[in-house]
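> Handing you this structure, nothing more for now.
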Amino acid sequence: MPASRPFYGSFAWAYDLLSERPIDAECAQIGAILDGRGLAADARLLDAGCGTGRYAVALARRGYRVAGLDASAELVAVARQRVGAAAVTFIHADLLALPATPRYDAVLCRGVLNDLVDDGARRDAFLAFARALVPRGVLLLDVRDWQETVRRKTREPVYERVVTTPQGTLTYRSETRLDHAMRQLRIAERHVLAGASETTTADYDFVMRCWTRDELDGLLAPTGFTAVEYQGAYDLAVRVGATDRLVVVAARK
């Protein structure tokens, strides 16, 4: 069993192939949210958990002054090779250790908080966001909503994707079991790369913990955030409950 998740490590080079996203459309929606909170197009933005830098580079193209931070050295290495990466400052670091300076006008954190299982780490994340933001700075994040995720994963516990890569045919498979008592997803993940001369397999088991609005409310106010709004996606028209995500927008006091 690998010591770290292959999705973020040994198979980081294939991350974008396995995780397709409507980047341009979502970045336009993110821009609309930030604009609605009064942020200028050249605002200083931290992409906390930037992965391969797709969103960071796309937001830099829209005029934001972007820093991208991720705890995976392999993902940051991929990000630094991306076309347009020169416009972004990429940092290999843990978001829980965000320094008090520089201060950002906005922090974007997409999906990363689901990986934090411990209550203390979850609180520390919001304290770190507050440290990194200027007064009235905007926090924009998305997490898995527990109830909607239960519905989705009950219907679709297995996900599989097969892609052709320069290194061979890559098959990715994940199977999710629901732990209702702990509000957790117990995930068994497998990468199988069939190359010209050999086949490589990487199995990894890990846990994600979903969120509720009550838990988010219980962390946002005590860590210094106000003017909280919830959506079901970055699209302003999508309401809570329409997806398995909670998108949160808040301001630092």
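The values are calculated or read from the model by the stated rules, or taken from the named source; none is laboratory data. No experiment lies behind these values; they were computed from the predicted model shown. Ideal geometry is used to build each Cβ from the backbone, glycine not excepted, and the neighbour counts take in all protein chains shown. Surface areas here come from the heavy atoms of the whole protein model, side chains and all, with no ligands, DNA or RNA. Shrake-Rupley method; radii C 1.70, N 1.55, O 1.52, S 1.80 Å.
> Quick one: pull the percent of accessible area on region 67-212 belonging to carbon and sulfur, 1.4 Å probe, ligands and nucleic acids left out.
50 percent
> Continuing with the same structure: How high is the relative contact order of the chain, in percent, with contacts defined as C-alpha pairs under 8 Å that are six or more residues apart?
18 percent
> Sorted by packing (mean other beta-carbon atoms within 10 Å per residue), highest first, where do 214-220, 143-149, 245-251 land?
Going by the mean number of other Cβ atoms within 10 Å, highest first, we get 245-251, 143-149, 214-220.
> Let me ask something else. Starting from 0.36 nm per residue, how many nanometres of slack lie between residue 240 and residue 3 once their C-alpha separation is accounted for?
Additional length available on full extension: 81.7 nm.
> Per residue, how much accessible surface does the chain expose to a 1.4 Å probe? Answer in Å², no decimals.
Dividing the accessible area of the chain by its residue count gives 47 Å².
> Based on the Kirkwood radius over alpha-carbon pairs, what is the Stokes-Einstein translational diffusion coefficient of the chain at 10 °C with 1.306 mPa s viscosity, in µm²/s?
Approximately 84 µm²/s, per Stokes-Einstein.
> With both partners inside the chain, how many of the DSSP beta bridges are antiparallel, as a percent to the nearest 5?
70 percent
> With n ≥ 4 as the cut-off for DSSP H runs, can you work out [θ] at 222 nm for the chain, using -39500 (n - 2.57) per run divided by the number of residues, rounded to the nearest 500?
Helix-only estimate at 222 nm: -7500 deg cm²/dmol.
> Right, next: Let me check something: with ligands and nucleic acids excluded, how do 80, 152 order by accessible area (1.4 Å probe), largest to smallest?
Listed by decreasing accessible area, they come as 80, 152.
> Please report, in debye to the nearest 20, how large the charge dipole of the chain is about its Cα centre when each Lys and Arg carries +1 at its beta carbon and each Asp and Glu carries -1 there.
Computed about the Cα centre, the dipole is about 500 debye.
> Then there is this: Let me cross-check residue 123: its accessible surface, 1.4 Å probe, with only protein heavy atoms counted, in Å² to the nearest 10?
100 Å²
> Which ³J(HN,Hα) values in Hz, rounded to whole numbers, follow from the phi angles of region 179-191 under the Karplus curve 6.51 cos²θ - 1.76 cosθ + 1.60, where θ = phi - 60° and Gly and Pro get x?
Going residue by residue, I get 9, 5, 4, 9, 6, 10, 9, 9, 10, 9, 10, 9, 10 Hz, with x marking Gly and Pro.
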